[in-house]
Amino acid sequence: MKPDLIPLSTFGIGSVPYVEGENACEEIFQYFDIPFWPQYPQRSLREKMVFQFLSSFPGLKVSETNAFFDEALYEKQIESYRVRIHSAFSKNDFLLFEPPEAWALGYVQMKAFLETNPFPKKRTIKLQVTGPATVWNSFFFKQVPPQNARRVFDDLCDCLTASGLAQIQ
């Protein structure tokens, strides 16, 4: 049986130079061996890789142009967040952590594109998620007091993992 991927198959990093996706999915399937869902970092701050997978993270406030971590809000939201994350892992159901359209328009577009344009020859798709060290060092390190760093970092790792698993699901 011939393997799905040939050596040196091409794929992209995710970020594309569009704002709303002008035919991005079609172009990605046309030009890359391994399609990926497009990310539009020029669209808003939410679409930048540091924040894109954190829509459900407690205490995080991200607008089109500004982001900050509100520790008091984190303390108010953390217990219900941990209940949701524990439930997702125990039931193996991560769809509550799927990137929403306001944070990942390309993800929503790719899902819709795949529903209407099946590509049986391309059975592999590259998903996106940002690593916890990148997110921590780019944003949380400056925002979280040192005495709370470990537990916020642990929650961050859970959130990013759940987002990745939601895409797989």
On the given criteria, is F32 in contact (Cβ under 8 Å) with a residue 60 or more places away in the chain and of a type in the set (F, W, Y)?
no
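Would you confirm, using the coordinates I've provided, whether S163 is touching a helix residue (DSSP H, G or I) at 6+ places or on another chain (Cβ under 6 Å), hydroxyl-bearing (S, T, Y), assigned to a helix (DSSP H, G or I) and touching a residue at least 24 places away in the same chain (Cβ under 8 Å)?
The answer is yes for S163.
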Answer residue from segment 46-83, given it is under 24 Å from A133 (Cβ atoms) and of a type in the set (K, R) and is modelled with the highest pLDDT among those:
R82
Lone unmet requirement of (1) within 18 Å of the chain's Cα centre (by Cα); (2) touching a residue at least 60 places away in the same chain (Cβ under 8 Å); (3) over 30 Å from E26 (Cβ atoms); (4) outside any loop (DSSP other than H, G, I, E, B) for D154:
(2)
Residue count for segment 110-142, restricted to those that are surrounded by fewer than 16 Cβ atoms within 10 Å (Cβ to Cβ), touching a residue at least 60 places away in the same chain (Cβ under 8 Å) and within 19 Å of K61 (Cα to Cα)
2
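The values are calculated or read from the model by the stated rules, or taken from the named source; none is laboratory data. Because the structure is predicted, anything quoted here is derived from the model rather than measured. Here Cβ is always computed from backbone atoms with ideal geometry, including for glycine, and neighbour counts include all displayed protein chains.
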